[in-house]
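The values are calculated or read from the model by the stated rules, or taken from the named source; none is laboratory data. What you see is a predicted model; the values in this text were computed from it and never measured. Ideal geometry is used to build each Cβ from the backbone, glycine not excepted, and the neighbour counts take in all protein chains shown. Side chains included, ligands, DNA and RNA excluded: accessible areas come from the protein's heavy atoms. Shrake-Rupley method; radii C 1.70, N 1.55, O 1.52, S 1.80 Å.
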Amino acid sequence: MTGGTPVAGETLPGAGGGDDDAADRVVCHVDMDCFYASCERLRHPDLAGEPVVVGMGYEPGESIGAVATASYEAREFGVESAMPISKALELLPRRADADPDDPDAPDPADAGRYVPVDLDFYEDVASEVKEVLRDCADTRREVSIDEAYLDVTDRTAWTVAGDDPADPPPSAAAGPAEARTLAEGYARYVKDRIEREAGVPASVGVAPNMSAAKVASDADKPDGLVVVPPGSAAEFLAPLPTADVHGVGPVTEATLADLGIETAGDLAAADRDRLADALGERGPELSRRAAGDDDREVTPTGLPKSLSRESALPTTADGATKRETVSALAADVARRARERGCLYRTIGIKAVEPPFDVNTRARSLPGPVDDPDLVEEVALDLLAEFDETRVRKLGVRVSNLDFAETDQATLGGFDADDGRGEGDRGAGDDARGAGARTTATDGDGGKLTDWVDGKPESEAAEGDATARDAERRTADGQASLGDWS
DNA sequence: TCTGGGGTCCTAGGACCC
DNA sequence: TCTGGGGTCCTAGGACCC
(Lines give C-alpha, C1' and ligand atoms only; values in the text may rest on other atoms or scores of the structure.)
Protein backbone atom coordinates (compact mmCIF):
# COMPACT_ATOMS: atom_id res chain seq x y z
CA MET A 1 0.00 0.00 0.00
CA THR A 2 2.46 2.57 -0.98
CA GLY A 3 1.08 5.82 -2.25
CA GLY A 4 -2.13 5.87 -4.16
CA THR A 5 -5.57 6.02 -2.68
CA PRO A 6 -6.18 5.33 0.98
CA VAL A 7 -7.51 1.92 1.84
CA ALA A 8 -11.18 2.01 2.66
CA GLY A 9 -10.58 0.52 6.05
CA GLU A 10 -8.34 3.42 6.96
CA THR A 11 -10.82 6.09 6.13
CA LEU A 12 -14.16 4.55 6.97
CA PRO A 13 -14.13 4.50 10.75
CA GLY A 14 -15.63 7.73 11.90
CA ALA A 15 -15.98 8.94 8.38
CA GLY A 16 -19.68 9.19 8.80
CA GLY A 17 -22.25 6.46 8.87
CA GLY A 18 -22.64 3.38 6.80
CA ASP A 19 -26.06 4.10 5.39
CA ASP A 20 -24.53 5.40 2.21
CA ASP A 21 -22.91 2.10 1.22
CA ALA A 22 -25.90 -0.14 1.88
CA ALA A 23 -26.94 -0.19 -1.77
CA ASP A 24 -29.72 2.21 -0.87
CA ARG A 25 -32.33 -0.07 0.45
CA VAL A 26 -35.77 1.39 1.01
CA VAL A 27 -37.22 0.40 4.38
CA CYS A 28 -40.63 1.49 5.64
CA HIS A 29 -41.61 1.30 9.26
CA VAL A 30 -45.38 1.26 9.66
CA ASP A 31 -46.63 2.15 13.11
CA MET A 32 -50.35 2.33 13.77
CA ASP A 33 -51.47 5.41 15.71
CA CYS A 34 -52.84 4.57 19.18
CA PHE A 35 -54.02 1.36 17.59
CA TYR A 36 -56.46 0.05 20.21
CA ALA A 37 -58.15 3.43 20.50
CA SER A 38 -58.38 3.70 16.70
CA CYS A 39 -59.99 0.27 16.57
CA GLU A 40 -62.57 1.35 19.13
CA ARG A 41 -63.33 4.41 17.04
CA LEU A 42 -63.74 2.23 14.00
CA ARG A 43 -66.71 0.46 15.56
CA HIS A 44 -67.86 3.37 17.74
CA PRO A 45 -67.65 6.41 15.47
CA ASP A 46 -68.98 8.65 18.25
CA LEU A 47 -65.56 8.28 19.89
CA ALA A 48 -63.96 10.27 17.08
CA GLY A 49 -62.18 13.34 18.38
CA GLU A 50 -62.80 12.33 21.99
CA PRO A 51 -60.18 11.49 24.60
CA VAL A 52 -60.28 7.67 24.57
CA VAL A 53 -58.56 5.45 27.11
CA VAL A 54 -58.37 1.71 26.49
CA GLY A 55 -57.72 -0.10 29.74
CA MET A 56 -56.46 -3.61 30.26
CA GLY A 57 -57.82 -5.33 33.31
CA TYR A 58 -60.32 -2.50 33.31
CA GLU A 59 -64.02 -2.94 33.87
CA PRO A 60 -66.58 -0.25 33.18
CA GLY A 61 -67.21 1.86 36.25
CA GLU A 62 -64.18 0.46 38.08
CA SER A 63 -60.79 2.07 38.59
CA ILE A 64 -58.67 -1.06 38.34
CA GLY A 65 -56.29 -1.98 35.55
CA ALA A 66 -53.77 -0.08 33.48
CA VAL A 67 -53.82 2.06 30.36
CA ALA A 68 -53.14 -0.04 27.27
CA THR A 69 -53.57 2.85 24.83
CA ALA A 70 -54.60 6.46 25.15
CA SER A 71 -55.79 8.49 22.18
CA TYR A 72 -53.83 11.65 21.44
CA GLU A 73 -56.65 13.71 22.90
CA ALA A 74 -56.31 11.77 26.15
CA ARG A 75 -52.54 12.20 26.10
CA GLU A 76 -53.14 15.95 26.19
CA PHE A 77 -54.36 15.39 29.74
CA GLY A 78 -51.18 13.55 30.68
CA VAL A 79 -52.62 10.06 30.34
CA GLU A 80 -49.91 7.64 29.26
CA SER A 81 -49.54 4.04 28.32
CA ALA A 82 -48.99 1.66 31.28
CA MET A 83 -50.38 4.18 33.74
CA PRO A 84 -52.77 2.79 36.37
CA ILE A 85 -56.37 3.55 35.49
CA SER A 86 -56.80 5.15 38.92
CA LYS A 87 -54.10 7.66 38.04
CA ALA A 88 -55.54 8.25 34.58
CA LEU A 89 -58.92 8.98 36.14
CA GLU A 90 -57.33 11.69 38.27
CA LEU A 91 -55.95 13.38 35.18
CA LEU A 92 -58.91 12.72 32.96
CA PRO A 93 -62.27 12.03 34.63
CA ARG A 94 -64.59 9.51 33.15
CA ARG A 95 -67.36 10.91 30.99
CA ALA A 96 -69.98 8.96 32.91
CA ASP A 97 -68.92 10.73 36.09
CA ALA A 98 -69.40 14.15 34.54
CA ASP A 99 -72.84 14.81 35.94
CA PRO A 100 -74.06 18.23 34.74
CA ASP A 101 -76.25 18.60 37.85
CA ASP A 102 -73.34 18.15 40.24
CA PRO A 103 -71.47 21.43 40.76
CA ASP A 104 -68.32 19.52 41.73
CA ALA A 105 -68.44 17.19 38.77
CA PRO A 106 -65.94 17.57 35.97
CA ASP A 107 -66.89 19.46 32.86
CA PRO A 108 -68.09 16.93 30.29
CA ALA A 109 -65.85 18.68 27.81
CA ASP A 110 -62.87 17.69 29.95
CA ALA A 111 -63.92 14.10 30.47
CA GLY A 112 -62.76 10.97 28.71
CA ARG A 113 -64.23 7.75 27.45
CA TYR A 114 -62.88 4.61 29.10
CA VAL A 115 -63.26 1.23 27.40
CA PRO A 116 -61.88 -2.23 28.23
CA VAL A 117 -59.42 -3.96 25.88
CA ASP A 118 -60.96 -6.27 23.28
CA LEU A 119 -57.98 -7.98 21.76
CA ASP A 120 -59.98 -10.27 19.49
CA PHE A 121 -61.46 -7.31 17.70
CA TYR A 122 -58.11 -5.54 17.40
CA GLU A 123 -56.64 -8.69 15.89
CA ASP A 124 -59.37 -8.72 13.27
CA VAL A 125 -58.51 -5.15 12.33
CA ALA A 126 -54.80 -5.95 12.41
CA SER A 127 -55.27 -8.77 9.95
CA GLU A 128 -56.82 -6.33 7.50
CA VAL A 129 -53.82 -4.07 7.92
CA LYS A 130 -51.54 -7.04 7.33
CA GLU A 131 -53.38 -7.85 4.15
CA VAL A 132 -52.50 -4.44 2.82
CA LEU A 133 -48.89 -4.83 3.92
CA ARG A 134 -48.66 -8.23 2.21
CA ASP A 135 -49.81 -6.57 -0.94
CA CYS A 136 -47.34 -3.71 -0.63
CA ALA A 137 -44.16 -5.59 0.26
CA ASP A 138 -42.73 -9.06 -0.26
CA THR A 139 -40.34 -8.77 2.67
CA ARG A 140 -42.03 -7.89 5.92
CA ARG A 141 -41.28 -8.14 9.59
CA GLU A 142 -44.34 -7.86 11.77
CA VAL A 143 -43.07 -6.78 15.15
CA SER A 144 -46.31 -6.58 17.05
CA ILE A 145 -50.03 -6.23 16.49
CA ASP A 146 -49.59 -2.63 15.38
CA GLU A 147 -46.12 -2.35 13.92
CA ALA A 148 -44.18 -3.70 10.93
CA TYR A 149 -41.06 -3.16 8.85
CA LEU A 150 -41.27 -3.44 5.07
CA ASP A 151 -38.39 -3.78 2.68
CA VAL A 152 -39.74 -2.14 -0.46
CA THR A 153 -36.45 -1.75 -2.32
CA ASP A 154 -37.79 -3.70 -5.26
CA ARG A 155 -41.01 -1.69 -5.41
CA THR A 156 -39.64 1.83 -5.45
CA ALA A 157 -36.41 3.84 -5.37
CA TRP A 158 -34.65 6.78 -3.83
CA THR A 159 -34.74 8.69 -7.07
CA VAL A 160 -36.59 11.97 -7.22
CA ALA A 161 -40.02 11.72 -8.72
CA GLY A 162 -40.12 12.82 -12.34
CA ASP A 163 -36.38 13.27 -12.40
CA ASP A 164 -33.58 11.49 -14.17
CA PRO A 165 -33.26 8.11 -12.43
CA ALA A 166 -29.49 8.49 -12.43
CA ASP A 167 -29.76 11.65 -10.42
CA PRO A 168 -29.14 11.16 -6.71
CA PRO A 169 -31.82 12.42 -4.35
CA PRO A 170 -31.23 15.41 -2.14
CA SER A 171 -29.84 14.42 1.23
CA ALA A 172 -30.87 17.64 2.86
CA ALA A 173 -33.37 17.03 5.59
CA ALA A 174 -35.92 14.69 7.00
CA GLY A 175 -39.58 15.27 6.49
CA PRO A 176 -41.43 15.74 3.28
CA ALA A 177 -38.58 16.91 1.12
CA GLU A 178 -39.10 19.63 -1.40
CA ALA A 179 -38.00 17.34 -4.14
CA ARG A 180 -40.07 14.26 -3.46
CA THR A 181 -38.60 10.85 -3.95
CA LEU A 182 -40.37 7.87 -5.43
CA ALA A 183 -39.90 6.24 -2.04
CA GLU A 184 -41.94 8.94 -0.39
CA GLY A 185 -44.71 8.46 -2.90
CA TYR A 186 -44.72 4.75 -2.25
CA ALA A 187 -44.85 5.22 1.51
CA ARG A 188 -47.76 7.60 1.04
CA TYR A 189 -49.48 4.95 -1.04
CA VAL A 190 -49.02 2.31 1.69
CA LYS A 191 -50.23 4.69 4.37
CA ASP A 192 -53.32 5.73 2.41
CA ARG A 193 -54.23 2.17 1.57
CA ILE A 194 -54.10 1.13 5.23
CA GLU A 195 -56.38 3.96 6.20
CA ARG A 196 -58.74 3.33 3.32
CA GLU A 197 -58.92 -0.46 3.51
CA ALA A 198 -58.55 -1.13 7.24
CA GLY A 199 -60.07 2.12 8.43
CA VAL A 200 -57.35 3.01 10.93
CA PRO A 201 -54.57 5.63 10.70
CA ALA A 202 -50.86 4.82 10.55
CA SER A 203 -47.62 6.73 10.72
CA VAL A 204 -44.89 5.70 8.33
CA GLY A 205 -41.15 6.28 8.36
CA VAL A 206 -39.02 5.70 5.28
CA ALA A 207 -35.26 5.34 5.43
CA PRO A 208 -32.40 3.26 4.06
CA ASN A 209 -32.36 1.07 7.18
CA MET A 210 -34.60 -0.27 9.92
CA SER A 211 -33.53 1.81 12.88
CA ALA A 212 -33.74 5.12 11.02
CA ALA A 213 -37.13 4.14 9.62
CA LYS A 214 -38.31 3.27 13.11
CA VAL A 215 -37.33 6.65 14.50
CA ALA A 216 -38.77 8.37 11.44
CA SER A 217 -42.21 6.80 11.90
CA ASP A 218 -42.21 8.11 15.45
CA ALA A 219 -41.04 11.59 14.59
CA ASP A 220 -44.32 13.05 13.41
CA LYS A 221 -47.02 10.97 15.05
CA PRO A 222 -49.94 10.76 14.65
CA ASP A 223 -50.69 10.51 10.96
CA GLY A 224 -47.04 11.15 10.13
CA LEU A 225 -44.97 10.47 7.06
CA VAL A 226 -41.29 11.17 7.53
CA VAL A 227 -38.67 10.48 4.88
CA VAL A 228 -34.98 10.08 5.66
CA PRO A 229 -33.13 9.81 2.36
CA PRO A 230 -29.79 7.97 2.08
CA GLY A 231 -26.93 9.87 3.61
CA SER A 232 -29.09 12.01 5.84
CA ALA A 233 -29.82 9.60 8.69
CA ALA A 234 -27.05 10.85 10.99
CA GLU A 235 -28.14 14.41 10.48
CA PHE A 236 -31.76 13.51 11.08
CA LEU A 237 -31.03 11.63 14.29
CA ALA A 238 -28.37 13.92 15.79
CA PRO A 239 -30.60 16.41 17.65
CA LEU A 240 -32.90 13.78 19.16
CA PRO A 241 -32.55 12.73 22.81
CA THR A 242 -30.84 9.38 23.33
CA ALA A 243 -34.13 7.89 24.58
CA ASP A 244 -35.48 8.21 21.04
CA VAL A 245 -32.95 5.66 19.80
CA HIS A 246 -34.56 2.23 19.64
CA GLY A 247 -33.05 0.15 22.43
CA VAL A 248 -32.33 3.02 24.80
CA GLY A 249 -34.60 2.74 27.81
CA PRO A 250 -34.60 4.62 31.12
CA VAL A 251 -31.59 2.75 32.54
CA THR A 252 -29.40 3.20 29.49
CA GLU A 253 -30.50 6.79 29.15
CA ALA A 254 -29.32 7.50 32.69
CA THR A 255 -26.04 5.66 32.15
CA LEU A 256 -25.43 7.68 29.00
CA ALA A 257 -26.32 10.93 30.77
CA ASP A 258 -23.66 10.11 33.38
CA LEU A 259 -21.18 9.94 30.52
CA GLY A 260 -22.32 13.36 29.31
CA ILE A 261 -24.19 11.83 26.38
CA GLU A 262 -27.57 13.49 25.93
CA THR A 263 -28.40 13.34 22.23
CA ALA A 264 -28.19 10.78 19.46
CA GLY A 265 -25.49 12.96 18.00
CA ASP A 266 -23.46 12.69 21.21
CA LEU A 267 -24.02 8.94 21.19
CA ALA A 268 -22.92 8.62 17.57
CA ALA A 269 -19.75 10.57 18.27
CA ALA A 270 -18.93 8.90 21.59
CA ASP A 271 -15.88 6.74 22.04
CA ARG A 272 -17.14 3.22 21.40
CA ASP A 273 -14.66 1.50 23.69
CA ARG A 274 -15.89 3.68 26.49
CA LEU A 275 -19.47 2.76 25.60
CA ALA A 276 -18.55 -0.91 25.61
CA ASP A 277 -17.10 -0.52 29.11
CA ALA A 278 -20.28 1.09 30.37
CA LEU A 279 -22.90 -0.91 28.48
CA GLY A 280 -21.27 -4.03 27.09
CA GLU A 281 -21.63 -4.97 23.44
CA ARG A 282 -24.88 -3.06 23.29
CA GLY A 283 -23.05 0.24 23.70
CA PRO A 284 -21.19 0.34 20.39
CA GLU A 285 -24.26 -1.04 18.63
CA LEU A 286 -26.44 1.76 19.94
CA SER A 287 -23.79 4.23 18.85
CA ARG A 288 -23.88 2.84 15.33
CA ARG A 289 -27.66 3.07 15.28
CA ALA A 290 -27.49 6.65 16.50
CA ALA A 291 -25.10 7.37 13.64
CA GLY A 292 -27.68 6.09 11.18
CA ASP A 293 -25.66 2.96 10.57
CA ASP A 294 -27.66 -0.26 10.62
CA ASP A 295 -27.22 -3.04 8.09
CA ARG A 296 -29.73 -5.51 9.50
CA GLU A 297 -31.87 -7.12 6.84
CA VAL A 298 -35.62 -7.00 7.18
CA THR A 299 -36.30 -10.62 8.09
CA PRO A 300 -39.73 -12.14 8.66
CA THR A 301 -40.79 -12.72 12.23
CA GLY A 302 -39.99 -16.28 13.21
CA LEU A 303 -41.82 -18.68 15.45
CA PRO A 304 -42.19 -17.68 19.09
CA LYS A 305 -39.43 -18.61 21.52
CA SER A 306 -41.63 -18.80 24.59
CA LEU A 307 -45.23 -18.63 25.70
CA SER A 308 -46.33 -17.24 29.01
CA ARG A 309 -49.25 -16.12 31.07
CA GLU A 310 -49.09 -13.98 34.12
CA SER A 311 -51.53 -12.21 36.31
CA ALA A 312 -51.45 -9.67 39.07
CA LEU A 313 -53.24 -10.39 42.30
CA PRO A 314 -53.81 -8.55 45.53
CA THR A 315 -50.58 -9.08 47.45
CA THR A 316 -50.85 -12.34 49.32
CA ALA A 317 -48.76 -14.94 51.09
CA ASP A 318 -51.58 -17.47 51.12
CA GLY A 319 -50.36 -20.76 49.73
CA ALA A 320 -53.70 -22.01 48.41
CA THR A 321 -54.33 -18.77 46.53
CA LYS A 322 -50.90 -18.88 44.97
CA ARG A 323 -51.22 -22.50 43.96
CA GLU A 324 -54.66 -21.98 42.45
CA THR A 325 -53.36 -19.03 40.47
CA VAL A 326 -50.36 -20.94 39.19
CA SER A 327 -52.49 -23.96 38.30
CA ALA A 328 -54.83 -21.79 36.26
CA LEU A 329 -51.95 -20.03 34.51
CA ALA A 330 -50.27 -23.36 33.80
CA ALA A 331 -53.43 -24.76 32.25
CA ASP A 332 -53.75 -21.68 30.08
CA VAL A 333 -50.17 -21.74 28.86
CA ALA A 334 -50.38 -25.45 28.11
CA ARG A 335 -53.62 -24.94 26.20
CA ARG A 336 -52.11 -22.18 24.10
CA ALA A 337 -49.04 -24.26 23.36
CA ARG A 338 -51.26 -27.11 22.22
CA GLU A 339 -53.36 -24.80 20.08
CA ARG A 340 -50.23 -23.62 18.35
CA GLY A 341 -48.95 -27.12 17.89
CA CYS A 342 -45.77 -26.63 19.81
CA LEU A 343 -43.90 -28.75 22.29
CA TYR A 344 -41.85 -27.28 25.12
CA ARG A 345 -38.85 -28.50 27.03
CA THR A 346 -38.56 -25.88 29.78
CA ILE A 347 -41.21 -24.88 32.29
CA GLY A 348 -40.79 -21.85 34.50
CA ILE A 349 -42.57 -19.58 36.91
CA LYS A 350 -42.30 -15.97 37.91
CA ALA A 351 -43.10 -14.61 41.35
CA VAL A 352 -43.09 -10.87 41.90
CA GLU A 353 -42.64 -9.64 45.45
CA PRO A 354 -43.63 -6.15 46.46
CA PRO A 355 -42.51 -3.59 45.67
CA PHE A 356 -41.37 -5.11 42.38
CA ASP A 357 -38.79 -7.83 42.93
CA VAL A 358 -38.98 -10.30 40.10
CA ASN A 359 -38.00 -13.90 40.81
CA THR A 360 -37.87 -16.52 38.12
CA ARG A 361 -37.33 -20.25 38.38
CA ALA A 362 -37.22 -22.77 35.57
CA ARG A 363 -36.64 -26.45 35.01
CA SER A 364 -35.79 -28.21 31.78
CA LEU A 365 -37.03 -31.64 30.81
CA PRO A 366 -35.06 -34.31 28.98
CA GLY A 367 -37.12 -33.81 25.85
CA PRO A 368 -39.90 -31.71 24.41
CA VAL A 369 -43.40 -32.50 25.61
CA ASP A 370 -47.01 -31.42 25.28
CA ASP A 371 -48.28 -32.25 28.73
CA PRO A 372 -50.58 -29.88 30.61
CA ASP A 373 -50.41 -31.95 33.81
CA LEU A 374 -46.65 -31.79 33.77
CA VAL A 375 -46.69 -28.02 33.30
CA GLU A 376 -48.84 -27.70 36.38
CA GLU A 377 -46.81 -30.19 38.37
CA VAL A 378 -43.47 -28.54 37.62
CA ALA A 379 -44.84 -25.03 38.07
CA LEU A 380 -46.26 -25.92 41.49
CA ASP A 381 -43.02 -27.59 42.45
CA LEU A 382 -41.07 -24.48 41.51
CA LEU A 383 -43.60 -22.37 43.38
CA ALA A 384 -42.91 -24.31 46.58
CA GLU A 385 -39.78 -22.24 47.11
CA PHE A 386 -42.03 -19.20 47.49
CA ASP A 387 -44.41 -20.80 49.95
CA GLU A 388 -43.85 -18.14 52.56
CA THR A 389 -43.37 -15.27 50.14
CA ARG A 390 -45.79 -12.42 49.72
CA VAL A 391 -46.43 -12.00 46.01
CA ARG A 392 -48.28 -9.44 43.90
CA LYS A 393 -47.95 -11.21 40.61
CA LEU A 394 -47.45 -14.78 39.41
CA GLY A 395 -46.57 -16.14 36.00
CA VAL A 396 -46.02 -19.41 34.17
CA ARG A 397 -43.89 -19.79 31.09
CA VAL A 398 -42.89 -22.53 28.69
CA SER A 399 -39.80 -22.15 26.52
CA ASN A 400 -37.35 -24.15 24.47
CA LEU A 401 -40.23 -24.54 22.08
CA ASP A 402 -40.24 -27.13 19.36
CA PHE A 403 -42.59 -26.76 16.43
CA ALA A 404 -40.89 -29.29 14.19
CA GLU A 405 -41.57 -32.21 16.47
CA THR A 406 -45.20 -32.25 15.43
CA ASP A 407 -44.26 -33.14 11.88
CA GLN A 408 -41.62 -35.57 13.02
CA ALA A 409 -44.22 -37.47 14.97
CA THR A 410 -46.13 -38.19 11.80
CA LEU A 411 -43.05 -38.73 9.69
CA GLY A 412 -41.38 -40.92 12.26
CA GLY A 413 -44.29 -43.36 12.47
CA PHE A 414 -45.43 -42.63 15.99
CA ASP A 415 -48.87 -43.77 16.95
CA ALA A 416 -51.38 -41.64 15.18
CA ASP A 417 -53.09 -40.96 18.47
CA ASP A 418 -50.07 -40.18 20.56
CA GLY A 419 -51.22 -36.66 21.14
CA ARG A 420 -48.58 -34.85 19.19
CA GLY A 421 -50.86 -33.62 16.49
CA GLU A 422 -53.04 -31.81 18.98
CA GLY A 423 -52.36 -28.45 17.48
CA ASP A 424 -54.18 -29.51 14.37
CA ARG A 425 -57.08 -30.93 16.22
CA GLY A 426 -58.81 -27.61 16.53
CA ALA A 427 -62.18 -27.09 18.12
CA GLY A 428 -62.79 -30.76 18.73
CA ASP A 429 -60.50 -30.56 21.70
CA ASP A 430 -62.89 -28.59 23.81
CA ALA A 431 -65.85 -30.67 22.79
CA ARG A 432 -64.16 -33.81 24.01
CA GLY A 433 -64.00 -32.43 27.49
CA ALA A 434 -61.82 -33.07 30.47
CA GLY A 435 -61.94 -36.83 30.27
CA ALA A 436 -60.55 -36.85 26.78
CA ARG A 437 -57.97 -34.32 27.79
CA THR A 438 -56.75 -36.52 30.59
CA THR A 439 -56.49 -39.47 28.28
CA ALA A 440 -54.50 -37.45 25.83
CA THR A 441 -52.26 -36.33 28.63
CA ASP A 442 -51.67 -39.88 29.76
CA GLY A 443 -50.59 -40.59 26.23
CA ASP A 444 -48.25 -37.68 26.44
CA GLY A 445 -46.85 -39.01 29.66
CA GLY A 446 -45.70 -42.08 27.83
CA LYS A 447 -44.29 -40.03 25.04
CA LEU A 448 -41.08 -39.32 26.80
CA THR A 449 -40.20 -42.95 26.53
CA ASP A 450 -41.37 -42.98 22.95
CA TRP A 451 -39.21 -40.00 22.33
CA VAL A 452 -36.11 -41.77 23.57
CA ASP A 453 -36.95 -45.16 22.14
CA GLY A 454 -38.21 -43.69 18.93
CA LYS A 455 -34.85 -42.18 18.09
CA PRO A 456 -32.62 -43.90 15.60
CA GLU A 457 -30.35 -46.24 17.51
CA SER A 458 -27.35 -44.00 17.16
CA GLU A 459 -29.23 -41.22 18.90
CA ALA A 460 -31.04 -43.37 21.43
CA ALA A 461 -28.01 -43.66 23.67
CA GLU A 462 -27.60 -39.92 23.56
CA GLY A 463 -31.24 -39.53 24.49
CA ASP A 464 -30.71 -41.82 27.45
CA ALA A 465 -27.81 -39.76 28.63
CA THR A 466 -29.90 -36.64 28.37
CA ALA A 467 -32.65 -38.27 30.35
CA ARG A 468 -30.22 -39.27 33.07
CA ASP A 469 -28.84 -35.75 33.16
CA ALA A 470 -32.28 -34.39 33.69
CA GLU A 471 -33.03 -36.90 36.39
CA ARG A 472 -29.92 -35.90 38.23
CA ARG A 473 -30.76 -32.22 37.85
CA THR A 474 -34.22 -32.86 39.17
CA ALA A 475 -32.80 -34.68 42.15
CA ASP A 476 -30.42 -31.81 42.78
CA GLY A 477 -33.21 -29.33 42.52
CA GLN A 478 -35.28 -31.19 45.04
CA ALA A 479 -32.38 -31.47 47.41
CA SER A 480 -31.93 -27.73 47.25
CA LEU A 481 -35.62 -27.24 47.62
CA GLY A 482 -35.38 -29.07 50.92
CA ASP A 483 -32.60 -26.76 52.03
CA TRP A 484 -34.66 -23.71 51.30
CA SER A 485 -37.74 -24.70 53.20
C1' DT B 1 -46.80 7.28 38.80
C1' DC B 2 -45.60 2.25 42.89
C1' DT B 3 -46.08 -0.46 37.88
C1' DG B 4 -50.60 -4.86 33.24
C1' DG B 5 -49.33 -8.54 30.18
C1' DG B 6 -46.78 -10.68 26.49
C1' DG B 7 -42.71 -11.01 24.47
C1' DT B 8 -37.20 -10.59 22.95
C1' DC B 9 -32.31 -10.56 23.66
C1' DC B 10 -28.14 -10.34 26.49
C1' DT B 11 -25.05 -11.43 30.35
C1' DA B 12 -22.97 -13.95 33.94
C1' DG B 13 -21.88 -17.87 36.59
C1' DG B 14 -21.83 -22.82 37.35
C1' DA B 15 -21.71 -27.61 35.70
C1' DC B 16 -19.88 -30.58 32.69
C1' DC B 17 -17.18 -32.33 28.85
C1' DC B 18 -13.13 -32.87 26.03
C1' DT C 1 -0.81 -34.54 38.16
C1' DC C 2 -2.99 -29.58 38.58
C1' DT C 3 -3.19 -26.78 35.23
C1' DG C 4 -5.66 -25.28 31.16
C1' DG C 5 -8.67 -23.58 27.72
C1' DG C 6 -12.74 -24.03 24.89
C1' DG C 7 -17.42 -25.19 24.15
C1' DT C 8 -22.17 -26.07 25.48
C1' DC C 9 -26.08 -26.20 28.34
C1' DC C 10 -28.68 -24.48 32.11
C1' DT C 11 -30.53 -21.01 35.28
C1' DA C 12 -31.43 -16.31 36.97
C1' DG C 13 -31.73 -11.75 36.31
C1' DG C 14 -31.90 -7.40 33.75
C1' DA C 15 -33.12 -4.18 30.13
C1' DC C 16 -36.06 -3.20 26.66
C1' DC C 17 -40.13 -3.14 23.50
C1' DC C 18 -45.15 -2.76 22.39
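Write down the accessible area per residue of region A:36-120 in Å², having rolled a 1.4 Å probe over the full set of protein chains.
Normalised by residue count, the accessible surface of region A:36-120 is 52 Å².
Near the amide H of A:Thr139, under 5 Å away, which other amide H atoms are found, from residues 5 or more places off or on another chain, if H is placed in the peptide plane?
Placed amide hydrogens put A:Asp151 under 5 Å from A:Thr139.
Starting from the Cα of A:Asp46, step 7 Å toward the Cβ, then list every residue of region A:92-107 with an amide N under 12 Å from that point.
Under 12 Å, as judged by backbone N against the label point of A:Asp46, lie A:96 of region A:92-107.
Can you work out the Karplus-derived ³J(HN,Hα) for every residue in region A:200-209? Use 6.51 cos²θ - 1.76 cosθ + 1.60 with θ = phi - 60°, whole Hz, and x for glycine or proline.
After applying 6.51 cos²θ - 1.76 cosθ + 1.60, I find 10, x, 9, 10, 10, x, 10, 7, x, 8 Hz.
What is the dipole size for region A:36-120, taken about its Cα centre, with +1 at each Lys and Arg Cβ and -1 at each Asp and Glu Cβ, in debye to the nearest 20?
Value, rounded to 20: 400 debye.
Taking region A:246-315, which trypsin sites (Lys or Arg not before Pro) meet the DSSP loop condition and have no more than 15 other C-beta atoms within 10 Å?
A:Arg296, A:Lys305
Can you run phi through the Karplus equation (6.51, -1.76, 1.60; θ = phi - 60°) for region A:332-347 and list ³J(HN,Hα) in whole Hz, with x for Gly and Pro?
5, 4, 4, 5, 5, 4, 5, 4, 8, x, 10, 9, 9, 10, 10, 10
Around A:Glu59, with a cut-off of 13 angstrom between Cβ atoms, what is the net charge of the other residues, counting Lys and Arg +1 and Asp and Glu -1?
So the environment of A:Glu59 carries a net charge of -1.
Taking the Cα-to-Cβ direction at A:Ser311 and at A:Arg282 and moving 7 Å from each Cα, how far apart do the two end points lie in nm?
According to this spin-label approximation, the distance is 3.1 nm.
Quick one: net charge around A:Asp151, please, counting Lys, Arg +1 and Asp, Glu -1 for every other residue with C-beta under 11 Å from its C-beta.
For residues surrounding A:Asp151, the net value is +2.
Tell me, Kirkwood radius of region A:30-97 from alpha-carbon pair distances, in Å?
11.9 Å
Would you kindly derive the ³J(HN,Hα) couplings of region A:52-59 from the backbone phi angles with the Karplus curve 6.51 cos²θ - 1.76 cosθ + 1.60 (θ = phi - 60°), listing them in order in whole Hz, with x for Gly and Pro?
3J(HN,Hα) across region A:52-59, in whole Hz: 10, 10, 9, x, 9, x, 9, 10.
Tell me which residues come under 5 Å, amide H to amide H, from A:Thr181 once H is placed; ignore anything under 5 positions away on its chain.
It is A:Ala161, by chain and number.
Name the residues whose placed amide hydrogens come within less than 5 Å of the amide hydrogen of A:Arg94, ignoring near sequence neighbours (fewer than 5 apart) on the same chain.
It is A:Gly112, by chain and number.
Considering all projection directions equally, how large on average is the shadow of the alpha-carbon convex hull of region A:233-307, in square nanometres?
6.0 nm²
Give me the distance between the Cα centres of region A:217-281 and region A:331-403, rounded to whole Å.
What the calculation gives is 36 Å, centre to centre.
Using a 1.4 Å probe on the protein chains only, how many percent of the accessible area of region A:265-343 belongs to carbon and sulfur?
That share works out to 47 percent.
Where in region A:280-302 is the amide nitrogen less than 18 Å from a point lying 7 Å along the Cα-to-Cβ axis of A:Asp273?
A:280-285, A:287-288
What does the charge count around A:Phe77 come to, taking other residues whose C-beta lies under 13 Å from its C-beta (Lys +1, Arg +1, Asp -1, Glu -1)?
-2
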